[in-house]
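Note sheet for the following structure.
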Amino acid sequence: MSKLFIIDEKAVERLADILNKTHLTEIEYQDQGRCIRVKKENTVIHSSQPSAISLSQDTSKSAHPAQSGKNTIDSPMVGTAYLAPDPASEPFVRVGDHVQEGQNIIIIEAMKVMNQIKSPKSGKIINILAQDGQPVEFGTPLFELS
């Protein structure tokens, strides 16, 4: 006979709020033998029905648009920017490259978690504004597109 497990929706909502406020990608809470794990991906989830809890992160919009009015891709989080998957590898993109929406373009490390950031739009890279290993804030322009 299996035990009935009742989901504490308030606890899940609180954990989701913590994720959004701290830019974590995963959080786990254990209490009295129960475990709740909430995880979000760096992709946009499209749904035909509204959800009470959104665990996705929309990287296509920035709270701080570029001052210059240029077409930029901005940081969706606070962290450290890395232009390549590891120090021995080639960068994800170079000036002159054409990127497609959804293509991995940079990694932002936040709280020791490597977050692969995907391009929210297609275009040609005309300037790389981020520097490898540079701290970035939410809304910091990372790339300029034509």
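Each value in this text was obtained by applying a stated rule to the coordinates, not by laboratory testing. Since we're looking at a predicted model, the values are computed, not measured. With ideal geometry, Cβ positions are generated from the backbone for all residues, glycine too; neighbour counts draw on all protein chains shown.
Go through region 100-126 and give me each residue that's farther than 25 Å from Leu24 by Cβ and part of a loop (DSSP other than H, G, I, E, B).
Gln100, Glu101, Lys121, Ser122
Can you pull out every residue in region 119-146 that is surrounded by 17 or more Cβ atoms within 10 Å (Cβ to Cβ) and within 15 Å of the chain's Cα centre (by Cα)?
Ser119, Pro120, Val136, Gly139, Thr140, Pro141, Leu142
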